[in-house]
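Notes follow the structure.
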Amino acid sequence: MKQTLKIKTTKPSARLRIAAGSAMLALCMPAQALDLLQVYQAAQAQDASLQAAKANAAAERERIPQARAQMLPNLSANLSRNENHLESTTPNFLGQEQTTRTGYPSSNKTLSLRQPLYRPQLAAQYRQAKAQVEDAEAALALEEQNLAVRVSSAYFEAMLTHDQLALVLAQQVAYTTQLDAARKTFAAGSGTRTDIDEAQARIDMNMALEIEARQNVTYTLQQLQKMINQPIDKLASLDVSKLELAPPQPANLEDWTARAEQSSPQIQSLKARVDVARQEIEKAKSGHYPTLDAIAQWSESESENVTNTSSRYTNNLVGLQLSVPLFAGGYVSASVRQTQALLLRAEQTLEAGRRELSLQVHKEFRGVTENIPKIKALEQALRSADQLVLSSSKSFQAGSRTVLDVLNAEQQRVMVLRDLAQARYVYLISKVRLLALVGGADEAAVLEVNATLTP
């Protein structure tokens, strides 16, 4: 006796198709798409890290006029007026004490001019201020380079999650189609229940993947929104026809390493910090040196002498003031030793930065060059995967393949599509990162990458 399993094939399939279709429709809803250049320009005005770096650079620039002011003439005026109450006790001719109480006003006016002539500490402080400003400017340039990297990375990560969601939804439709086919062949008596269960299991697993993919889309969009401080409805998409797979120019790793040594904002910042440490040593050594100032002073006082309360004095003074340190208990020597150790730390930090920079240049250079053949290989793998899906579907219809074979072919194709999309985005991000390491990740570089996108 042949046992037949009755299965309703319309409603579950319809529900799955409606769900998948609604999700695809949500992705394709008309909305203004922001491309990479628009997001980058918005981030330049809104990114909090970049604005903080700009504020820090503006604050550090004021060190130069502050240090210069210490070497310029200093003019000060002092004015005071007091009400005095004098009580004096003197013995009279009889030996008795006689107390006299007197009240009188007094005043003092002073105008002082001081011009430093020889102060090694001030000269070292001025040179140090210039080095500190160079450090701040380099830090700002580094943050601007990092902004291009952060925006590009976040943008392409968001694009990748959108692609992955689209693949999951497309896979859901394919699995649903295979489930319908398995049910029909089973109802016709030529299929097996295992084919139905296998297709249903893939659909259930794919639903979980869809939830995860949607979460990833939301998170990556929030990353971008945080940088530009405004909502993002839709992103541009990659136009494969505009993607030119070309190695970096020059195509020599040593040339890129040398260029990074010369132009990297990070190295410029570390070099400036070494100069700051050197000038700190000079400031510490100046504690052993004398200082020489030229001074001029005019003062007028009235009733400042208790012995002659009606006196009035005018004093004009012009001269030189020399100060020679003799002994400070070893403080200056200890400060010199401390600053020498700090200089050694700054030099070693610079050397470590050079080595790390060379490693990063090597990594991103390979990220560009090695992804070119990888992308081409994945494009060929995609063509093969498409052919495998087509062959498996026809063989299933002819009865020589099972639903599992078709599902595996579909899954392999989706994996190739995912890897291909990821390789293309890594290629583009590596180009931006490589330029950032040599100080070239500016708006022109972002515009060049943005040319591969289409709304």
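In region 220-272, which residues are part of a loop (DSSP other than H, G, I, E, B) and either on the phi > 0 side of the Ramachandran plot or under 17 Å from the mean Cα position of the chain (by Cα) (or both)?
Going through region 220-272, the residues part of a loop (DSSP other than H, G, I, E, B) turn out to be 229-233, 236, 239, 243-252, 264.
Scanning region 220-272 gives N229, S264.
Has region 229-243 got any residue that is exposed (fewer than 12 other Cβ atoms within 10 Å of the Cβ) and closer than 27 Å to N371 by Cα?
Scanning region 229-243, I find at least one residue that is exposed (fewer than 12 other Cβ atoms within 10 Å of the Cβ) and closer than 27 Å to N371 by Cα, so the answer is yes.
Looking at R345, R337, which one is touching a helix residue (DSSP H, G or I) at 6+ places or on another chain (Cβ under 8 Å), part of a helix (DSSP H, G or I), open to solvent by 40 Å² or more (accessible area, probe 1.4 Å) and more than 30 Å from N82 (Cβ to Cβ)? Step through it out loud before you land on a result.
Values: R337 fails: touching a helix residue (DSSP H, G or I) at 6+ places or on another chain (Cβ under 8 Å).
Being touching a helix residue (DSSP H, G or I) at 6+ places or on another chain (Cβ under 8 Å), part of a helix (DSSP H, G or I), open to solvent by 40 Å² or more (accessible area, probe 1.4 Å) and more than 30 Å from N82 (Cβ to Cβ) holds for just one of R345, R337, which is R345.
Among the residues of region 126-138, is there at least one that is farther than 30 Å from G440 by Cα and open to solvent by 70 Å² or more (accessible area, probe 1.4 Å)?
Within region 126-138 (the criterion being farther than 30 Å from G440 by Cα and open to solvent by 70 Å² or more (accessible area, probe 1.4 Å)), the answer is no, since none of the residues qualifies.
Does any residue of region 130-141 turn out to be under 30 Å from A236 (Cα atoms) and not in a strand (DSSP E or B)?
yes
Is there a residue being closer than 18 Å to M415 by Cβ and charged (D, E, K, R) anywhere in region 141-158?
Initial filter on region 141-158 (closer than 18 Å to M415 by Cβ): none.
No, that holds for no residue.
Rundown of residues vs (1) more than 19 Å from M205 (Cβ to Cβ); (2) surrounded by 22 or more Cβ atoms within 10 Å (Cβ to Cβ); (3) modelled with pLDDT of 85 or more, yes/no style:
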site: S393; (1), (2), (3): yes, no, no
site: S400; (1), (2), (3): yes, no, no
site: V403; (1), (2), (3): no, yes, no
site: L407; (1), (2), (3): no, yes, no
site: Q411; (1), (2), (3): no, no, no
site: M415; (1), (2), (3): no, no, yes
site: R418; (1), (2), (3): no, no, yes
site: L437; (1), (2), (3): yes, yes, yes
site: E443; (1), (2), (3): yes, no, yes
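So which of R81, R114 is in contact with a strand residue (DSSP E or B) (Cβ under 8 Å, 6 or more places away or on another chain), touching a residue at least 60 places away in the same chain (Cβ under 8 Å) and open to solvent by 60 Å² or more (accessible area, probe 1.4 Å)?
Numbers: R81 fails: touching a residue at least 60 places away in the same chain (Cβ under 8 Å).
Among R81, R114, only R114 is in contact with a strand residue (DSSP E or B) (Cβ under 8 Å, 6 or more places away or on another chain), touching a residue at least 60 places away in the same chain (Cβ under 8 Å) and open to solvent by 60 Å² or more (accessible area, probe 1.4 Å).
With S152, S190 as the choices, which residue is of a type outside the set (A, V, I, L, M) and either part of a loop (DSSP other than H, G, I, E, B) or surrounded by fewer than 13 Cβ atoms within 10 Å (Cβ to Cβ) (or both)?
On the way: S152 fails: either part of a loop (DSSP other than H, G, I, E, B) or surrounded by fewer than 13 Cβ atoms within 10 Å (Cβ to Cβ) (or both).
On inspection, the qualifying residue turns out to be S190.
The values are calculated or read from the model by the stated rules, or taken from the named source; none is laboratory data. Here the structure is a predicted model, which means the values were calculated and not measured. When we count neighbours, we look across all protein chains shown, and the Cβ atoms used for this are built from the backbone with ideal geometry, even at glycine. The area values use the complete protein model at the heavy-atom level, side chains included, leaving out ligands, DNA and RNA. Shrake-Rupley method; radii C 1.70, N 1.55, O 1.52, S 1.80 Å.
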